[in-house]
Amino acid sequence: HGLFGTFEMLSSWRRTREDQHVKERVAAVFSDCMLPFTASTALHVVTFGIGASPFTNIEAVRLFCRNACISVLFNYLYILTFYGSNLVFAGYLENNYRHSLFCRRVPKPELLQQKPAWYRFLMYTHYNEEATEAGPLRAYESHLLVAFMKRYYCDWITNTYVKPFVVLFYLVYVSFALMGYLQVSEGSDLSNVVATETSTIAYTRAQQRYFSSYSPVIGFYIYESIEYWNTSVQEDLLEYTKGFERISWFESYLNYLHGLNITTSLSRSNFTERLRSGFLRQPRYVHFSDDIIFAKRADGEFDVVASRMFLVAKTTENKREEMSILLDTLRKLSLTSRVKFIIFNPSFVYMDRYASSVGAPLKNSCIAALFLLFFSTFLAADPLVNAWLTVTVASVEFGLVGFMTLWQVELDCVSVLCLIYGVNYAVDSSAPLVSAFALGRESTRTRWVKLALERHGVPALQSYLCYGAALLPLAAVPSNLTRTLFRCLFLTAIITAFHCLAILPVLLTFLPPSKKKRRERKNAAENREEIECVEMVDSTRVVDQITT
């Protein structure tokens, strides 16, 4: 967010004339850059504010969005105050012919040649005692990126023979994005939240390779005293665990009683006494002692106050969907059953987190997108600016989802947050370019596309390069979450740059808004001015009237 603001202001500053007063230069910069920067800041704050609101039921997401809001506000105040003050300071240095880094007065070129080589190297700067409009602009256009954009790229991207290939490439982009979009899957893998080279990853890979047809071991916990000796309760417990591979003390105890030809419908005291004194003392059943908790009653008898069993479900290839359905079914059953039990496995924590982390952020992103459309209608000077921003954001988000899936990134908490961030990133990048083109009142479409690229293409390209360099260290972090963050943000930058530097310049040359009517009005105005010029030459009286 800060890169766009700083590079846009710096580019606007370099387009002003050095012979202007500093106040006029700063006023021109702020009038050119601060309105779109304020609008994008408001969009960031609202989007992340929704994520930090009670609408989001994940504390980690709320913390992230809260910190993002604070960072964006601090960055906006920084650019509005400190960075603007630095521009003022730099302007006074330029007016006094002082070096921008050492603050020393720069000698004239003929005097500088008499100094040592190290001094000339440190104090070399643009020196123009008789500043003109063309001088500073020539110095600005001599910048490598500016010269490349103006002399080569603008003419190449608007070339008639290049446009069909750009459109064809965009269709290929849409095709691959659609192919990935149709393969989107929700991520609930435990290995995505731990470091890459750990024993957890090795265990997960082995489990998925050799035992993927079985679910995790589910703990079935009965947390209150029930009538285990009651026939109806026994039937309920057997019905609940039916269809699972079971490691159950209860079922083993019932089989033990059947083996002794003893009925399972015993009294409380007999059922508990045979369990404690007979069943749990057998060598092959002694390991069940840890699964049963006894408590002594007031009358001296023992009772089972809590117990546990372990269940394993048989699954197919759609293990994740089946586990989600099984988890929901057992939880609903635990609320309606007369036997009070809970089920648990450590992986349920992540399944619950992902189940909520996808739905809630997606809902918030939809709210943010609707607000973006509503908010931009008041800020856009032309309705077509709002339309182009909407189309660009939709195309960027569609491509981001598709290529994210093709790069083996699942739809989890981090990727959904990056999708929300991608909305603001696309608006930041495309809004200056589209606005500059739509507000153009003269010349042709192609000419205004070139002017928009010359003014805003270089700051955008600079921000993309700095942003990409800042993301590279994330690729080396041995964490799947960080790697997911890197892939999503890197795709966001690449896809947005592709739209702003290639797709939009080509589409704007033959799609609305039209420049025809504006050009006709300009021609009519030029004709009137030519008539007045003829009269001014022929008649002194007319000259006096026009002057008056």
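The values are calculated or read from the model by the stated rules, or taken from the named source; none is laboratory data. Fair warning: this is a prediction, and the values are worked out from it, not measured in the lab. Glycine gets a Cβ as well: all are built from the backbone with ideal geometry, and neighbour counts include every protein chain shown. To get the accessible areas, we keep the full protein, side chains included, count just its heavy atoms, and leave off ligands, DNA and RNA. Shrake-Rupley method; radii C 1.70, N 1.55, O 1.52, S 1.80 Å.
Observations on the structure shown:
- Of the set (1) at pLDDT 80 or above; (2) surrounded by fewer than 20 Cβ atoms within 10 Å (Cβ to Cβ); (3) of a type in the set (A, V, I, L, M, F, W, C); (4) touching a helix residue (DSSP H, G or I) at 6+ places or on another chain (Cβ under 7 Å), all apply to residue 55 but (1).
- When the stretch 195-219 is filtered for residues that are surrounded by 12 or more Cβ atoms within 10 Å (Cβ to Cβ) and within 30 Å of residue 340 (Cα to Cα), the ones remaining, listed by number, are 214, 215, 216, 217, 218, 219.
- Taken over the stretch 234-262, the criterion of being open to solvent by 80 Å² or more (accessible area, probe 1.4 Å) and of a type outside the set (Lys, Arg) is satisfied by 235, 239, 245, 247, 255, 258, 260, 261.
- Just one of (1) farther than 19 Å from residue 11 by Cα; (2) in contact (Cβ under 8 Å) with a residue 12 or more places away in the chain; (3) not basic (Lys, Arg) fails for residue 88. It is (1).
- Those residues of the stretch 399-425 which are in a helix (DSSP H, G or I), aliphatic (A, V, I, L, M) and over 10 Å from the mean Cα position of the chain (by Cα), in sequence order: 401, 404, 406
- Among residues of the stretch 463-498 being touching a residue at least 24 places away in the same chain (Cβ under 8 Å) and farther than 23 Å from residue 399 by Cα, the one that is least open to solvent (accessible area, probe 1.4 Å) is 479.
- The residue that is farthest from the chain's Cα centre (by Cα), counting only those in the stretch 36-66 that are of a type outside the set (Ser, Thr, Tyr), outside any helix (DSSP H, G or I) and farther than 23 Å from residue 428 by Cα, is 54.
- Some residue of the stretch 391-398 being in a helix (DSSP H, G or I), modelled with pLDDT of 65 or more and open to solvent by less than 10 Å² (accessible area, probe 1.4 Å): yes
- Scanning the stretch 99-120 for residues that are open to solvent by less than 100 Å² (accessible area, probe 1.4 Å) and either touching a residue at least 40 places away in the same chain (Cβ under 8 Å) or not in a helix (DSSP H, G or I) (or both) returns 99, 100, 102, 103, 106, 107, 108, 115, 116.
- Taking the stretch 55-75 as the range and being of a type in the set (Phe, Trp, Tyr) and in contact (Cβ under 8 Å) with a residue 40 or more places away in the chain as the test, the residues that pass are 55, 64.
- When residue 237 is tested against (1) hydrophobic (A, V, I, L, M, F, W, C); (2) under 29 Å from residue 347 (Cα atoms); (3) touching a strand residue (DSSP E or B) at 6+ places or on another chain (Cβ under 6 Å), just one condition goes unmet, and that condition is (3).
- Just one of the numbered conditions (1) under 30 Å from residue 63 (Cα atoms); (2) at pLDDT 90 or above is not true of residue 431: (2).
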